[in-house]
Every structure is written in C-alpha cells, then in structure tokens.
Number of protein chains: 2
Amino acid sequence: MADGESIGIGLMGLGVIGSGVAKVLLGKPETLAREAGSRLVLKRVLERDVSKHGALGIERSLFTTEFNDIVGNPEIDIVIELIGGEHPAFEYILECLKRGKHVVTANKEVMSKHWTELQTVADRHKVSLRYEASVGGGIPLIAPFQEDLVANEVRAIYAILNGTTNYILTRMAKEGIDFSVALKKAQELGYAEADPSKDIEGVDAAYKLAILSTIAFSTEIKPEQVYHEGISRLQARDFRYAHELGYAIKLLAIAKRTGQHVEARVHPVFIPEESLLAKVDGVYNAINVEGDLVGNVIFYGQGAGPSATSSAVVSDVIKIAQHINRGTVSPARLPRESGLKVKPMSEVETRYYMRMNVADRAGVLAQISKVLGDHNISISAVIQKESDPATQTAEIVIMTHPAKEEAVRLALKETERLAVVREINNFVRVEA
Amino acid sequence: MADGESIGIGLMGLGVIGSGVAKVLLGKPETLAREAGSRLVLKRVLERDVSKHGALGIERSLFTTEFNDIVGNPEIDIVIELIGGEHPAFEYILECLKRGKHVVTANKEVMSKHWTELQTVADRHKVSLRYEASVGGGIPLIAPFQEDLVANEVRAIYAILNGTTNYILTRMAKEGIDFSVALKKAQELGYAEADPSKDIEGVDAAYKLAILSTIAFSTEIKPEQVYHEGISRLQARDFRYAHELGYAIKLLAIAKRTGQHVEARVHPVFIPEESLLAKVDGVYNAINVEGDLVGNVIFYGQGAGPSATSSAVVSDVIKIAQHINRGTVSPARLPRESGLKVKPMSEVETRYYMRMNVADRAGVLAQISKVLGDHNISISAVIQKESDPATQTAEIVIMTHPAKEEAVRLALKETERLAVVREINNFVRVEA
C-alpha cells in the first residue's frame, strides 16, 4: 500500500449532494485515509457558484468552471460526478474514463441509459467506474447484487425506490388526504421538488430499476423498457378500500423472471398490509430481492439526501483508492447476456383492483361481470357501497384473479361503454 | 481470466449445511462457472457417513475420513469448512491456511474466538479467508460492513441474529403462550435443537455480535466480552404488559458506541411496537446498523437453513475463484485498533421494565419508589393490576427512566428485601 501518499480527487457539481460529499471529504480526512490507505485530497471543484466556498471551507482557488481543469489535471486520480441529469454529465464521465480517470457517480439517469458504453470504455482504459449511490442512496445494493448474492439466480425484485412518492403515499394512507394535498405538504417540507414529475410519474424509479434489474438478470434493461405509471390518479377512497381489503398501496418497482422473460415495471400496487414493504413509511426506501438460494432478502434505509448519498459515494472512492494502492483494478461488471427478454406490459399478468361508478339499479354487477368474463377475467371479491340518492349512482369495487394486462385494458374499455357504468374511477394492480 | 480451467474444492462436513452447499455446487455448475470464471469441481469430502453419497449424487470415492486427504491434496484450491463447533474445525482451518489453501467457513464460534490468529496466518500465506455465512446466514453483512459502509463511523448495531429465539418469541407474542410451550413447538418443527441452550441463552447471538462489532468498531471484541442473557425467564404476561405499554419483546444483539467505549450485549429487550425490528417475525433475522453518514440501514432475511447459508458460502467461493483467476488476493481485513474498549455491563445505562408481586396494601408503591430513588432510578410509568384476593397480592409493573445496570441490580435486591414485596418476577431492559 502507498501509505502516506495521497490520491487526488476532482469533484464535479457542488449542489446539495456535492456539498454533502465535500463536507465528508474535508471533515474526517484521518478516518478516510486509514480506510483508503492514502489521504484523499480534493484538488479541484467544477462549480459555477464560487460563493459556496465559504460555507464549506473549500479554498476559493480550487473552484473552476472549466471541465478541462478536471479531466486534464494530472494530480486528479478519481473524479466524482454529482452534476446530475444526462448532459453534460454523460459526456464528462466518458471523457474522464477515456483519459484514465477513475469515476464515481450517483447519476441514475446516465448509468441506466449509458452503462454498457461507459463500462466498456472503463474496461478498455483499465479504470474503475462505480455508482453505488445511483440506486437506494446510502443503502448497499449494487455491490451486494453484483458480489454477495452472486451464487443466486434472482427470481424477483420488489422495491420502494423513490422516497418522495413513498412519503406522499404514507401521508395519504395515514391521514386520509388526497394526492394534491399530500404533494403540497411534501413540497413544503422539501421532500418533493417544485417540478415533481420525474418522481411522481415513476421515471426516477424506472431509472433505478433498470440499473438493478440489469445486474440481477444479467441482461441489459434500458429505462425505456421499464413500464412506468405514476401515483397521481390515486385518491383517498382507494386507500380506504385497500385497507378494508387488507392491503396497503405503494409505488413499487418490480422486476420478475417468468420463463425466458423479465417483467420490469413501476406502478402503484396493492400489497398485503402485513408485508414488511407495506410497513416502510415516509421517505425511506426498501428493496426486496428474491433469490433461488437465499429466499427473500430486504435492504432498507435512506434512499436520498446528502448525508446518506455521500456514504455510498465516499465508500466507492475508498474502494477505488484501495485498488490504486494495491495496483489492481476492480473487475469489469458488464451484464453477461443471459438471453432474457423484457416482457411487453400487455403480456404481464397480475390481479387487479377496479373502482367504478355505476347506476344504482339491479343487474349492474351481472352486466359488468359478463364483460370481464368474456375477456377471461374472473372476480375474486366485490364491495358495493351504499348508493348516492342524489345522483342515483353507487360505487363498486372489484378485485380480480390474475389476468393479462391487455385483456384488462380491453375489458375496462368495454365496461366503460355499458349504459349502466358512469365512470371507471381507477384500477390498480395487486401483488400478493 | 483462466476461463475453462477448473478450481478444486474440498468440503469438510456434510451435515445439513454441508449437504446444502454440495447440492448447489453439483446442481448448477454452469451458472457458477460463468460467475467464477472457472468450473468449481468438488474434489474430496471429509465426512464419516458415506451413506450420504447416494442422496446427494456425490461419487463414493470422493469421501474420506482423513483430514490429510483435504489439506494435502494439491488439486484442492479452496476448502469449505462446515463441520461446526470449535474443535477440530479451528485446527483444520488453521492448517489449511498454513498449507496455502483458501478457506470459506460458516463457523461463527471459530471466527469469533480465533479471527485475529486465522487472519494473520491467511495474510502471511497470501490466501483468502471468507466467512460471510457466519453471521446472518444468507444476508449480506460481512462484506457490506467491511466495504460498502466503510466511509461511516458506526454508531450502533441492533440485531435479531438468532432465528430460533425469534421464532419462540413470535409465538409467545401472538398466541399468549409461555416459553416452555413455545420451545416445544419450535423443537417439533425443527426450528430448535434437542439441546437448545446455545440459542436460548444468547450464546449463538453473542458469537455473531462479536464478529459484527469487531468489524464495525475496528477493535477486537471477543465473545466472552459480550454480555448475554437468554429468553427463558420471559412469561406470557410480560408480553401482555409490553403490548399494553406499546412495546414488543425481542432478543436483540446490541453494540453501541458511547464515547471511548463500546457496549456489546445480547438480552431480551422491549422495543417500540411500530419499529421495523418489532415486526420481524418467525425465524427471520434483521440487522439495523446506524452510521454517522448513512443513518439507519436494515438488512433482513433468513439467518439460517441450508439453502440461505449456501448462498453466502458459494458466493464467497466464487469471490475467491475470481481472485485466483485474476491473480490477486482479497485484501487483509484485520480489525484496525480504534482504541475503543468494551464497557462493563454494570456501567451500561438503559431504561428498565420491572414486574413484581407485592402485598395488596396502601403505601407499597411509595416504599418501592423510595428504594429506587435512593439508587437514582426514577419511574416513568406504573401499572398496577387488580389484586388476587386469595393470596392478597397485587402485580405491579414499573417502567424506569435510564439508569445504570449496577444501580438497578442493587435496587432490585433491596426491593426484594422489603416486607411488602413478595417477589421480583422479571426485569427487562428497554431500548427506544
């Protein structure tokens, strides 16, 4: 080990996460040096806003707005990318790898879209590319999936990968409030951004699931192959019915092996109230992986935030430093082609919860169940609530046995055309 | 990578776990070869009972009763030790390392008692020693603690590390039955051994906590430094009171940094009913680690059983095979001396639950609280149940504020000497 020598760090991006990482690097240098085998020295920071130097205690002279001061700096061994977003982060990472820099990133969008290309370049240039923080914040996931569970064939992943939506759903469930109210509360507390669409619509979770499932199923799964659907259609009454039926509602990222296919999808799901995932509240993340040997293993923790994320980023930096000191490179981790294909969403089979407004009249249920039956969808439970005398309508909730997504979509369209059906209010998939 | 070549495996012990590992090695050789970079070939099995060969499909000629056929066999690169117990497993592992064999073990007793010596020998002979399965069965713990959370200073570990006792406590809590009844049921189902004392008394969990806390706190913590206390004193009524007060009862392994000390202890604990650890039921394990950066992370899964354990054992074998193929050795992981000392149990401070039988008479509580007060123990809650007219006694439950173990012991002795106190029935520590 090159004890006593130092390893140079370049930091790109000094936003919330970048500032958190800088704080750790500057705040406990001895501890980090003991683990890494060398001092980790911050050499340059790529950041436009120089005013940030004061609060963080970073020398003003380290700030630059020129990417070349990072990539062209011979004193920098490891570059930490915390700019976020696809561009220019992707191009910067690519260039750093090509110029022989090791890279640590928390960028889920870049990793899910460009992993194969980046890893190939990293391997060619014998440098490390690490991205533990890209999924699950501080929760160890990438390394356990790649290394510690390697003897397993992964059967399924069920995961809460987005803290913002889990926070909103928790408040909706506990307080009986509607989506828009819960969203506003989340924004007031800083748990949701001003433009929350990437979180709310499941895009963020889809990026993360693409990364995890690519590793778990040894086949490249791109974000656009992950079906995603958001939580904005959920209403307070869906939570009440769910509870009545023994379920909680969570936004789950699901990847599941079925024969030669992998299902990969993000959407709201009814899950049994007693399951551990149902009990994961607030901004926390939880990832349940099912392996053929290990059975179900759950990882739980803070999926976001500067402190938790810096735990993963700095641990990645330390691992690379250890490799530098031993003269080794962390081995390539390109997805081996398992031949599994992503199943189209229309082919996916699950159980369904359906809520609809119907005319308060005899024989309505018979008509609906006939349409469902015509599409091979059988009903497992029905709740019919008292009718509203003013509008002469009633609300019906139907739980189905497993049925194909495509059939359910068609059946719902047909059902909506029935004269006795006023409106299909919602439908949510069920995983038991 | 030495693709196509093979790596020789010697297996010591073909009990429940050994048979599970043999099944995996023989059952999916292609999958393992793809991950390891070489075929993993079982060369010899150290096992007296040759009759086992049939069911497992192991060639009879591979069986031996001579340790030398393992350690002296040049075709064996990696030895898997699954004999269990301290002797002769320790001597066998030591000898294998000295003779240049890599070793994978699930042996918590040997690892907790002899880790430093074994690791020193492994380092000297440039071979790997891996023991992921020694704690938490198939749950990735050793590697995440050593590598993925390395940027953190660990503040505390709260863990359910013994499935047998968690199963018994779950049944006691859910069915209102007493310890002896629950134990018998666990034995009937194979979840508890005929002689369950190591599980029941917390010895097994203490071995595991010694290993985890040695890693987490970078200081050698021996099993005999871990205070342990079993679950046999718990009664159905303790669970009823716990529930009434909003708590569950779990056997927790706790390691906690307090200043320059580490507390390391295994005993029944009251924990808040809404905490996730309280919701871990049956034979499952769960490990909550609190780091300065990452906050609380929980790992959950099957802590025992042949299939889950073989997940960890075989993943360890694959990691070593990858190193062999790259010509590297997994780096030494000796606990760096952090200077932290184990705090004597008498110095530990927690809250307490106390249950006692007292004379059904005015002024009793005043007498008891005076004794407690004399020892600086203050009361946070009291439950007094209706008295038993036959014996003219009443049951009192007291919850205290944090107090020193030593003071509580003394106070309880004095309380027991009060004329109005018939018996101290139980006391249990409380963690909030």
What is the number of the single condition among (1) loosely packed, with under 14 Cβ neighbours inside 10 Å; (2) in contact (Cβ under 8 Å) with a residue 12 or more places away in the chain; (3) under 30 Å from B:Gln119 (Cβ atoms) that B:Arg326 does not meet?
(1)
What do you reckon, is A:Thr219 buried (at least 21 other Cβ atoms within 10 Å of the Cβ), touching an Asp or Glu at 6+ places or on another chain (Cβ under 7 Å) and touching a residue at least 60 places away in the same chain (Cβ under 8 Å)?
no
Of the residues in segment A:103-152, how many are acidic (Asp, Glu) and within 20 Å of A:Arg265 (Cβ to Cβ)?
1
Please tell me if A:Ala133 is of a type outside the set (Val, Ile, Thr) and either in contact with a strand residue (DSSP E or B) (Cβ under 7 Å, 6 or more places away or on another chain) or facing chain B (nearest Cβ under 7 Å) (or both).
no
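Matching residues to (1) more than 23 Å from A:Arg237 (Cα to Cα); (2) within 31 Å of the chain's Cα centre (by Cα):
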site	(1), (2)
A:Val371	yes, no
A:Ile379	no, no
A:Gln384	no, no
A:Asp388	no, no
A:His401	no, yes
A:Ala407	yes, yes
Let me spell it out: the conditions are (1) within 23 Å of the chain's Cα centre (by Cα); (2) in a loop (DSSP other than H, G, I, E, B); (3) over 30 Å from A:Val313 (Cα atoms), and B:Leu334 meets all of them except one. Which number is the exception?
(3)
When the residues of segment A:227-271 are filtered to those that are within 16 Å of A:Asn425 (Cα to Cα) and among the polar types (S, T, N, Q), which remaining residue is nearest to the chain's Cα centre (by Cα)?
A:Ser232
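Just checking, how many residues over segment A:320-329 are farther than 15 Å from A:Thr120 by Cβ and assigned to a loop (DSSP other than H, G, I, E, B)?
First, pick out the residues of segment A:320-329 that are farther than 15 Å from A:Thr120 by Cβ: A:320-328.
Right, trim to assigned to a loop (DSSP other than H, G, I, E, B) and you get A:327-328.
Here the count works out to 2.
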Give me the pairs, please: first residue somewhere in segment A:114-134 and free of Cβ contacts under 8 Å to residues at least 12 places away in the same chain, second residue anywhere and in a helix (DSSP H, G or I), beta-carbon distance under 8 Å, and either six or more positions apart or on two chains.
none
Might you check whether a residue that is surrounded by fewer than 20 Cβ atoms within 10 Å (Cβ to Cβ) and in contact with a Phe, Trp or Tyr (Cβ under 8 Å, 6 or more places away or on another chain) occurs anywhere in segment B:241-264?
yes
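So that you can scan it fast, the table gives a plain yes or no per residue for (1) out of contact with any strand residue (DSSP E or B) (no Cβ under 6 Å at 6 or more places or on another chain); (2) within 14 Å of another protein chain (Cβ to nearest Cβ); (3) in a strand (DSSP E or B):
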{"position": "A:Gly10", "(1), (2), (3)": "no, no, yes"}
{"position": "A:Gly20", "(1), (2), (3)": "yes, yes, no"}
{"position": "A:Leu25", "(1), (2), (3)": "no, yes, no"}
{"position": "A:Glu30", "(1), (2), (3)": "yes, yes, no"}
{"position": "A:Leu40", "(1), (2), (3)": "no, yes, yes"}
{"position": "A:Arg44", "(1), (2), (3)": "no, no, yes"}
{"position": "A:Ser51", "(1), (2), (3)": "yes, no, no"}
{"position": "A:Ala55", "(1), (2), (3)": "yes, no, no"}
{"position": "A:Asp69", "(1), (2), (3)": "no, no, no"}
Checked segment A:400-414 for anything surrounded by 15 or more Cβ atoms within 10 Å (Cβ to Cβ) and in contact (Cβ under 8 Å) with a residue 60 or more places away in the chain; matches are A:Glu405, A:Glu406
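Restricting attention to segment A:175-183, does a residue exist that is farther than 21 Å from A:Ala278 by Cα and either modelled with pLDDT of 95 or more or not assigned by TED's automatic domain parsing to the domain that holds A:Ile80 (or both)?
Let us first name the residues in segment A:175-183 that are farther than 21 Å from A:Ala278 by Cα, namely A:180-181.
Narrowing further to those that are either modelled with pLDDT of 95 or more or not assigned by TED's automatic domain parsing to the domain that holds A:Ile80 (or both): A:180-181.
Within segment A:175-183 (the criterion being farther than 21 Å from A:Ala278 by Cα and either modelled with pLDDT of 95 or more or not assigned by TED's automatic domain parsing to the domain that holds A:Ile80 (or both)), the answer is yes, since at least one residue qualifies.
A quick yes/no check of all residues on (1) modelled with pLDDT under 95; (2) outside the structural domain of A:Arg237 (by TED's automatic domain parsing); (3) not hydroxyl-bearing (Ser, Thr, Tyr):
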position	(1), (2), (3)
A:His375	no, yes, yes
A:Ile379	no, yes, yes
A:Pro389	yes, yes, yes
A:Thr393	yes, yes, no
A:Leu418	no, yes, yes
Can you pull out the residues in segment B:320-354 that are of a type in the set (Ser, Thr, Tyr), within 14 Å of chain A (Cβ to nearest Cβ) and farther than 22 Å from B:Ser213 by Cβ?
B:Thr328
Would you point out which residue out of A:Glu35, A:Glu81 is under 30 Å from the mean Cα position of the chain (by Cα), surrounded by 16 or more Cβ atoms within 10 Å (Cβ to Cβ) and at pLDDT below 95?
A:Glu35
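Conditions tested, residue by residue: (1) modelled with pLDDT under 95; (2) hydrophobic (A, V, I, L, M, F, W, C); (3) in contact with a Leu (Cβ under 6 Å, 6 or more places away or on another chain).
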position	(1), (2), (3)
A:Met1	yes, yes, no
A:Leu14	no, yes, no
A:Gly20	no, no, no
A:Val24	no, yes, no
A:Asp49	yes, no, no
A:His53	yes, no, no
A:Leu56	yes, yes, no
A:Gly100	no, no, no
A:Glu109	no, no, no
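Every residue in segment A:273-306 that is hydrophobic (A, V, I, L, M, F, W, C), within 7 Å of chain B (Cβ to nearest Cβ) and part of a strand (DSSP E or B), please.
A:Val297, A:Ile298, A:Phe299
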Can you list residue pairs whose Cβ atoms sit under 7 Å apart, with the first residue in segment A:350-361 being in contact (Cβ under 8 Å) with a residue 12 or more places away in the chain and under 11 Å from A:Ile383 (Cβ atoms) and the second being of a type in the set (D, E, K, R) and outside any strand (DSSP E or B)? Count only pairs 6 or more apart in sequence or on different chains.
A:Arg355/A:Asp238
Cβ-Cβ under 9 Å pairs, at least 6 apart or on other chains, segment A:234-261 side not assigned by TED's automatic domain parsing to the domain that holds A:Ser218, far side outside any strand (DSSP E or B):
none
Condition broken by B:Val150, with the remaining ones in (1) among the β-branched types (Val, Ile, Thr); (2) in contact with a Ser or Thr (Cβ under 8 Å, 6 or more places away or on another chain); (3) within 14 Å of chain A (Cβ to nearest Cβ); (4) within 21 Å of B:Tyr207 (Cα to Cα) satisfied
(4)
Is it the case, given these coordinates, that A:Val317 is outside any loop (DSSP other than H, G, I, E, B), on the phi < 0 side of the Ramachandran plot and at the interface with chain B (Cβ under 9 Å from one of its Cβ atoms)?
yes
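The values are calculated or read from the model by the stated rules, or taken from the named source; none is laboratory data. This structure is a prediction, so every number in the text was calculated from the model and none was measured. Virtual Cβ from ideal backbone geometry, glycine too; neighbours counted across all protein chains shown.
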